[in-house]
Structures are given as structure tokens and as C-alpha cells.
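Before any comments, here is the structure.
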Amino acid sequence: MTDKIFLVALANDRQVGSKFEILSPKDGSIVKTYDLTLNVKTSDSLTCQVLQNKTEKNNFNVGKGEVTSSLSVKPVLGANKIQIHCTNEAGVSAKKTILTYFGNRIAAGGSHSGYVVNGNLYTWGRNNFGQLGTGTSTGDLTNPTITKLSTISSVASIGFNQNNSLAITEDGSVWTWGANSSGQLGMGNTGDLQAAAADAGPRNPPRKVPGITNAVMGVYGYDHALVLKSDGTVVSFGLNSVGQLGNGFGGTGTYSANPVNVTGLPNDVIQVIAGAEHSAALTKSGDVYVWGRDQYGNLGDGAVGTSTEVNSTPKKVSSLSGIVHIANGRDHILALKTDGTVYSWGLAASGQLGIGGTGSPSPVPTPTLVTGLYNVVSVWANGTQSFAILSDGTVKGWGANSSGNLGTGLTTPAKLYTPGDIVVGVRDIQYFGCGALHNFAILKSGSLYGWGWNFKGSIGRADLQETWAATTPIFLTIPD
């Protein structure tokens, strides 16, 4: 199952004597959570068998005109070939195949970016802390050329933020590189190879984080990391000044340079996210848990905390249920419900909550319905910007826009307080990558586009002007 299967031939309806339809997942989709829910609709009464990568995973019966529900399997990292074999009461069989991919294939940090193709990792943009993973740096010069790394292979998923990078390889190992002032590489130490970020010379290449196996998802906050394991547990490492590691400890100046266990979470976590100094998790049951910074109402419990308040164990957002996908920026959180609506809370000063307002609105500590959004299939955010992919494959953004990062073709208004115009010129978007001020979209055709603030070559085109706002998506070419 090569990458081309997912990027070129995804829309084909593979069937034999079909009497049923697979409603989800869509053929060629990229799975966004550690949960692969199957929905089948039939015009006949069927007995069905589910195979995942040729291994039998489930059996079910579905009646004529019914749609299955609550049927799911855990995806494996990388390619997932789902086959459903069904037989009707007369003994006539039918078979359909769906190809999906589990793993974050595109990611962006403060000013650096990465993309996964066929197990290879390509990076570009800022490299002053070695966040591109090449093992060396020319200092703080621009790096607009998309380059395949020779320092790591068999990559299935990535997670970039600020000046750090993380990769999960096909065997479930976690690899990190970039800045290490707070032990956020998980290597048991702090500090960087260079005296100053602007110094040219060697940087740490991707290295395996000791003590973590069976990882399925990894994300970075600004100076801390979260890793979800296949058993539904979560580990963390890095800065812990306000309890963002979730291990029951924390306080000014505290950190853990070694992985620690997040305590107090259910064992059915399917997604983790990390903001500047907060962390959050989504469970299979549709609940959201948050811990760490509450200075902007990040915990979603109706109260605004202080800048030094320690919240070191996960707290359930009690006013939310039925959540299927979450995202966060620096200090705000988005939550998508099963009905296609979106709720948001936290920092609101740039309009990133999408609930209206003027000027620099005060923080909102209670989940609030985002204005005018329906039929949403996934949510995305970073910095002070937010996005939602709609069921028709278009994207709407809101929040800060002075760098052209909302992709509307304009840098004005500087703030959008409610979801604005769709991202110009691209449709059929299936996956997204948000940096601080630049963004990417993978289309169903497999094409990759980028837009926003082109700082240090972060968009990935050598012919673009440095420190320039690309207000509309630009096509990117991945080298062989």
C-alpha cells in the first residue's frame, strides 16, 4: 500500500455484487483520532465480517435499510486496508474495500514545517534550534527548500510546534528534535548544543525517546509534549510550570526531562492536543479533559484562573458531551460535536473563538457555540487562528488574519470574529496543518498547498519573497 494509493486512486468504489454502502470512513481518508468508526447502510439483510489489513476484527448483522452504529476498530499507524465481506439470506456475497491512513502527515510549528510521504519525512523553514532534523544548522537563515531527511525513516506521524518536532515511526517509537531548554525532547537533560540559536553548527538530529513504546499519537505544546499510547494511556515530558504534564505535580520552574504518566484520565483516550501551557484529551465516549494553564479560562469550567495557578491533573469539561474531534491554539480550544457544530473557549482577543465581538474580547471560560458553522467534519487551530473543514471539503477560518493566514486573499480585516470566507482556490480538503502564522492543506487528489506568513521559508517555495504574506494557497512540490 504505497502513498499513491492514498493520494491518487482514492475515490474508486471497490465492490463485488454490492448490496450495501460504506458511509464511513471515506475511501482515502486520513483518520484524525485513534478510533476508526465504521458505518454501513444496506438494502438487504446481511451478515458481515470486518478485516483490517487481512486480520479479522469484527462480525456484525445489519437489517434491510438499517445503518450500523457503534462499530469501530483501532487503526494501525500508517495504512489501514478495511475489507467488509457480507452475505445475504440467499447466500449471495459481496465485498468492499476502504483504504485509510492513520497518522498526522502534515505539521507546522512557529516557522518550520514537515510532511510525510511513504515513510519519508520532508522538512523546511526555520532551523535555528535544529527543528528541521538535519543534524546541522546554518544559524537563523532561511530554508525554503523542501528536503527529505536522511536522519530518520519509517515515519508514520509527526507533531510540530514552536521550535520542536516529533515523529512516531511505524514500530510505535517516538523521536524528537529541536529546542530543549525545558527538557521537552524527553532525553533526560536540558540545554542545546549551541551557545546561541543564531550560531551555525551541529544540532541534535532526531533521537528516540527512551521508555516509550506503542505510541500512536504525539503532539507538542510550546515547551512540553504529550504522547498517546495504544492502550489509551498518555505520557508527557517537558515544562511543567502550571501542571501541563498532568502528573499531579508542577509549579514555577518545574519540568520533567523524562516521560511521566498523565494521571486521572479514562483509559479510552483517542486524541491529545497541547497549547502554550495547557493540555487536553478526548475520549471515545465523547468527553474532553483539560489540565495546565487556566489564565484564559482554558479549563472550560466557567472560571478564569491566574498565570501561576497549577492544575496538574486532568479535569473534565462538564458542559460538553458527544465530542468527536478537538483542536487548540495558543490558549483556546475547539470541540466538534457529533451534529457538526463547534464549541470554543479560552483566549478570545483575536476573535479566535468565532463567537463574535469587537476590539480585544475578554477570555471566555465556558464552551460557547461558534457562530454560523454547520456540517463540520474536523477542526484545526494554532496560535490565535482557527479553522473548520466542512462536509463539502471547503474550509472556513477565523481569528488573527494580518499575515494572510486565513487564506481569504486579504490581510484585512486583521481579526475575524466569526467564521469568514472559505479558503480561496482549494476544495476537497481532507487534512490540515496549522502553524503559528502559516497553514497547509492536503487535498483528496493528494496535492499539497500552503499559505500565510512566509518567515524563514516556512511555506516551502524558494521563489516566494521572504517575510511575505501569501494570502491564497500556493501549490507545493514534494521532491522524489
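The values are calculated or read from the model by the stated rules, or taken from the named source; none is laboratory data. No experiment lies behind these values; they were computed from the predicted model shown. In this analysis, Cβ positions are derived from the backbone assuming ideal geometry, glycine residues included, and neighbour counts consider all displayed protein chains. Only protein heavy atoms, including side chains, enter the accessible area calculation; ligands, DNA and RNA are left aside. Shrake-Rupley method; radii C 1.70, N 1.55, O 1.52, S 1.80 Å.
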query = Does ASP171 satisfy the condition of being open to solvent by less than 60 Å² (accessible area, probe 1.4 Å) and of a type in the set (Asp, Glu)?
reply = no
task = State whether the residues of the stretch 453-463 include one that is among the hydroxyl-bearing types (Ser, Thr, Tyr), over 17 Å from the mean Cα position of the chain (by Cα) and either closer than 19 Å to VAL377 by Cα or at pLDDT 95 or above (or both).
result = yes
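Answer yes or no: is there a residue in the stretch 35-46 that is touching a helix residue (DSSP H, G or I) at 6+ places or on another chain (Cβ under 7 Å), open to solvent by 20 Å² or more (accessible area, probe 1.4 Å) and assigned to a strand (DSSP E or B).
Filtering the stretch 35-46 for residues touching a helix residue (DSSP H, G or I) at 6+ places or on another chain (Cβ under 7 Å) gives none.
The answer is no; no qualifying residue exists.
Can you confirm whether GLY359 is out of contact with any strand residue (DSSP E or B) (no Cβ under 7 Å at 6 or more places or on another chain) and farther than 19 Å from PHE160 by Cβ? Working first, answer last.
Details: out of contact with any strand residue (DSSP E or B) (no Cβ under 7 Å at 6 or more places or on another chain): yes; farther than 19 Å from PHE160 by Cβ: yes.
For GLY359, the condition - out of contact with any strand residue (DSSP E or B) (no Cβ under 7 Å at 6 or more places or on another chain) and farther than 19 Å from PHE160 by Cβ - is met.
Of the residues THR358, THR366, THR313, which is part of a strand (DSSP E or B) and surrounded by fewer than 18 Cβ atoms within 10 Å (Cβ to Cβ)? Full working, then the answer.
Values: THR358 fails: part of a strand (DSSP E or B); THR313 fails: part of a strand (DSSP E or B).
Step by step, each of THR358, THR366, THR313 is checked, and only THR366 is part of a strand (DSSP E or B) and surrounded by fewer than 18 Cβ atoms within 10 Å (Cβ to Cβ).
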request  = Considering only residues that are at pLDDT below 90 and touching a Cys at 6+ places or on another chain (Cβ under 9 Å), look in the stretch 41-61 and name the one that is farthest from VAL272 (Cα to Cα).
outcome  = ASP44
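In this structure, is SER279 touching a residue at least 24 places away in the same chain (Cβ under 8 Å) and either within 22 Å of the chain's Cα centre (by Cα) or open to solvent by 50 Å² or more (accessible area, probe 1.4 Å) (or both)?
Judged against the criteria, SER279 is a match.
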remark   = Residue count, the stretch 439-460, condition of a type in the set (Ser, Thr, Tyr), within 18 Å of THR123 (Cβ to Cβ) and touching a residue at least 40 places away in the same chain (Cβ under 8 Å), comes to 1
query = Limited to the stretch 198-207, what total is found for residues that are open to solvent by less than 30 Å² (accessible area, probe 1.4 Å) and part of a loop (DSSP other than H, G, I, E, B)?
reply = 2
ask   = Looking at the stretch 180-197, which of the residues that are farther than 28 Å from LYS74 by Cα and surrounded by 23 or more Cβ atoms within 10 Å (Cβ to Cβ) is nearest to the chain's Cα centre (by Cα)?
value = GLN184
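If you take the residues of the stretch 407-438 that are free of Cβ contacts under 8 Å to residues at least 40 places away in the same chain and either out of contact with any Lys or Arg (no Cβ under 7 Å at 6 or more places or on another chain) or not β-branched (Val, Ile, Thr) (or both), which of them is nearest to GLY110 (Cα to Cα)? Explain how you work it out, then say what you get.
Kept after step one, since they are free of Cβ contacts under 8 Å to residues at least 40 places away in the same chain, are these residues of the stretch 407-438: 412-414, 420-422, 427-428.
If we keep only those that are either out of contact with any Lys or Arg (no Cβ under 7 Å at 6 or more places or on another chain) or not β-branched (Val, Ile, Thr) (or both) as well, we get 412-414, 420-421, 427-428.
On the way: THR412: 22, PRO413: 22, ALA414: 19, GLY420: 24, ASP421: 25, ARG427: 26, ASP428: 26 Å.
Per the criteria, the residue is ALA414.
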